[in-house]
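Take a look at the structure below.
The values are calculated or read from the model by the stated rules, or taken from the named source; none is laboratory data. Remember, predicted model here, so these are calculated numbers, not experimental data. Cβ: placed from backbone, ideal geometry, glycine included. Neighbour counts: every protein chain shown.
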Amino acid sequence: MQEGFNKLKELQKVLLEEFDIEAELEDIPTELHGLKRKFQKIQRTIKEIESNLESHNERSKKLIKEKEECNLNKDKYESQISLIKTQREYEAITSEIAQIKEKLEVIEEEEMNALQEIEEMKKVIDEQNDLYVQLKTTIAEKGKVVNKLMKEKQKKLDKCLKAKEKISAGLDEEVIYKFEKIVKKKDGIGLVSIRNNVCMGCNMILPPQFVNDVRREEEIIFCPNCSRILYYYEEKLEDEELVI
């Protein structure tokens, strides 16, 4: 059984390294994933603004056309003023001209606002396109670094897995399965001693018969409280003082 405990101690070291590497493999691409999400967001932003820009351009064209029609009508009515013979006709035409001018003011204001918004959107698109290009380059460079690190860590992980397989030879598969879960959940410590009837993993006082069962080392025994594998620690007697 002592040999089994020694193997478990070796296995624990390998498992800790394995778990650390797996955590690193998970963390390494985190920044790259964040950059890619940002890149996708910029793409969506550009598409949305371009769609709005197209709508504003169509609106601007429509306003220009309306303004041209208004000016044509205004010119037509103004050209008729010299032909007017009665006050009523004069008042009617000048009223039409006044309405057209009011409409022109509204159209021109809308057109000016539309043009300002178009310029702002073009500016934002240019800024977003610059970010798009920069981020694309950054992602490509970061991707190379990440791929290199991932390959290096994967080689180390493969080495750990081979070492784990070698150490685990001869050990019960169910014990190994439980032991791995314990090491992962219990801060990297899956094998602890009993000292003075106390589990050194959770400090729980254990029944004397239970301690004796552990001490006999006839089977693998788990702590009933923290689930760690237990082994008995033999206290060394202090050397007796020499009498001169």
TODO: Could you list all residues from region 210-224 that are among the aliphatic types (A, V, I, L, M) and part of a helix (DSSP H, G or I)?
DONE: 211, 214
Task: Residue match in region 39-47 (condition: more than 30 Å from residue 230 (Cβ to Cβ), touching a residue at least 60 places away in the same chain (Cβ under 8 Å) and aromatic (Phe, Trp, Tyr)) - done: yes
- [ ] Please work out which one of (1) β-branched (Val, Ile, Thr); (2) more than 44 Å from the chain's Cα centre (by Cα); (3) assigned by TED's automatic domain parsing to the domain that holds residue 21 is the condition residue 145 fails and give its number.
- [x] (2)
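Here is a yes/no grid of residues against (1) modelled with pLDDT of 90 or more; (2) among the charged types (D, E, K, R); (3) under 24 Å from residue 18 (Cβ atoms):
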| site | (1), (2), (3) |
| --- | --- |
| 181 | yes, yes, yes |
| 186 | no, yes, yes |
| 190 | yes, no, yes |
| 204 | yes, no, no |
| 212 | yes, no, no |
| 215 | yes, yes, no |
| 222 | yes, no, yes |
| 230 | yes, no, yes |
| 242 | no, no, no |
TODO: Among the candidates 107, 97, 81, 64, single out the residue that is in contact with a Ser or Thr (Cβ under 9 Å, 6 or more places away or on another chain) and of a type outside the set (Phe, Trp, Tyr).
DONE: 81
Open item on the list: Yes or no: region 194-209 includes at least one residue that is part of a helix (DSSP H, G or I) and either loosely packed, with under 13 Cβ neighbours inside 10 Å or not basic (Lys, Arg) (or both).
Closed with: yes
TODO: From the list 176, 139, pick out the single residue that is out of contact with any strand residue (DSSP E or B) (no Cβ under 8 Å at 6 or more places or on another chain) and over 30 Å from residue 2 (Cα atoms).
DONE: 139
Task: Subset tally (residues that are more than 15 Å from residue 222 (Cα to Cα), part of a loop (DSSP other than H, G, I, E, B) and under 30 Å from the mean Cα position of the chain (by Cα)) for region 167-190 - done: 2
Task: Flag for residue 114 being free of Cβ contacts under 8 Å to residues at least 60 places away in the same chain, in contact with a helix residue (DSSP H, G or I) (Cβ under 6 Å, 6 or more places away or on another chain), among the small types (Gly, Ala, Ser) and at negative phi - done: yes
Open item on the list: Just to be sure I understand, how many residues within region 132-149 are of a type in the set (A, V, I, L, M, F, W, C) and surrounded by 15 or more Cβ atoms within 10 Å (Cβ to Cβ)?
Closed with: 3
TODO: Give me the pairs, please: first residue somewhere in region 147-173 and at pLDDT below 95, second residue anywhere and surrounded by fewer than 12 Cβ atoms within 10 Å (Cβ to Cβ), beta-carbon distance under 9 Å, and either six or more positions apart or on two chains.
DONE: 170/3
Task: First in region 89-108 and more than 23 Å from residue 64 (Cα to Cα), second anywhere and assigned to a helix (DSSP H, G or I), Cβ under 7 Å, 6 or more apart - done: 93/77; 93/81
TODO: Name the single residue, out of those in region 82-105 being in contact with a helix residue (DSSP H, G or I) (Cβ under 6 Å, 6 or more places away or on another chain) and assigned to a helix (DSSP H, G or I), that is surrounded by the most Cβ atoms within 10 Å (Cβ to Cβ).
DONE: 100
